[in-house]
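Enquirer: Have a look at this one.
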Amino acid sequence: MFRGHSPRSLDPKGRLMIPPDFREEIARQSPEGRIMLTNLDGCVFVYPLPEWERIELGFKNKNFLDSRIRNFHRFFISGAVEAVPDKQGRILIPPHLRTYAALDKDVILAGVGDKFEIWDLARFEERRRITEENFEDDMTALAEGGFELRL
């Protein structure tokens, strides 16, 4: 699992150093180090290749007569690129993903379980602020939907 968050900086070529604990998790799940990057929620989602393949299989039996499914599939899958960290643990984030997620220099890598996300620092902080403002309503909605959190 990917957990926690780590501030990082993109270099001028758009390369990003993956934190050691994230690299270890990538290697555990994908011995060749292969990962998939794609666009969603205003950031870059990063999946180890086996997890990505599971997602692709999830589209196999969907009803593509529904234009919403086709549109999401097109957006999510066509935005994807494969990457392998170099010997220094860096990946190149392609221009279309840097533009989509407004990644310029200061970024945050946020571990969210089966994947991690790459956020522009300002966007990440704004998203967290909004989440904190709506926390009580969101927790109520989760509880009403059957989610249980035992503390």
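Read the figures in this text as sums done on the coordinates, not as results from a lab. Only a predicted model underlies this, so the values are computations on that prediction, with no experimental measurement involved. As a convention, Cβ positions derive from the backbone with ideal geometry for all residues, glycine included, and neighbour counts pool all protein chains shown.
Enquirer: Could you please find all residues in the range 94-134 being farther than 16 Å from residue 9 by Cβ, surrounded by 19 or more Cβ atoms within 10 Å (Cβ to Cβ) and among the acidic types (Asp, Glu)?
Expert: 117, the sole residue that qualifies.
Enquirer: Let me ask something else. Sort out which residues of the range 30-52 are more than 23 Å from residue 101 (Cβ to Cβ) and part of a helix (DSSP H, G or I), and write them in order of number.
Expert: The one that is more than 23 Å from residue 101 (Cβ to Cβ) and part of a helix (DSSP H, G or I): 50.
Enquirer: A follow-up question, please. Return the residues of the range 135-151 that are farther than 30 Å from residue 36 by Cα, of a type outside the set (Asp, Glu) and loosely packed, with under 12 Cβ neighbours inside 10 Å; say none if nothing qualifies.
Expert: Within the range 135-151, 135, 140, 141, 143, 145, 146, 149, 150, 151 meet the criteria.
Enquirer: Any chance you could count how many residues in the range 88-142 are out of contact with any Asp or Glu (no Cβ under 7 Å at 6 or more places or on another chain), among the small types (Gly, Ala, Ser) and part of a loop (DSSP other than H, G, I, E, B)?
Expert: 1
Enquirer: Tell me which residues, restricted to the range 97-150, are among the acidic types (Asp, Glu), touching a residue at least 60 places away in the same chain (Cβ under 8 Å) and over 13 Å from residue 46 (Cα atoms).
Expert: Listed by number, the residues that qualify are 104, 106, 120.
Enquirer: Kindly check whether there is at least one residue in the range 120-133 that is of a type in the set (A, V, I, L, M, F, W, C) and in contact with a Gly (Cβ under 9 Å, 6 or more places away or on another chain).
Expert: No, the range 120-133 has no match at all.
Enquirer: Filter the range 53-79 for residues that are assigned to a helix (DSSP H, G or I) and in contact with a Ser or Thr (Cβ under 8 Å, 6 or more places away or on another chain); which is surrounded by the most Cβ atoms within 10 Å (Cβ to Cβ)?
Expert: Only one residue fits best here, namely 76.
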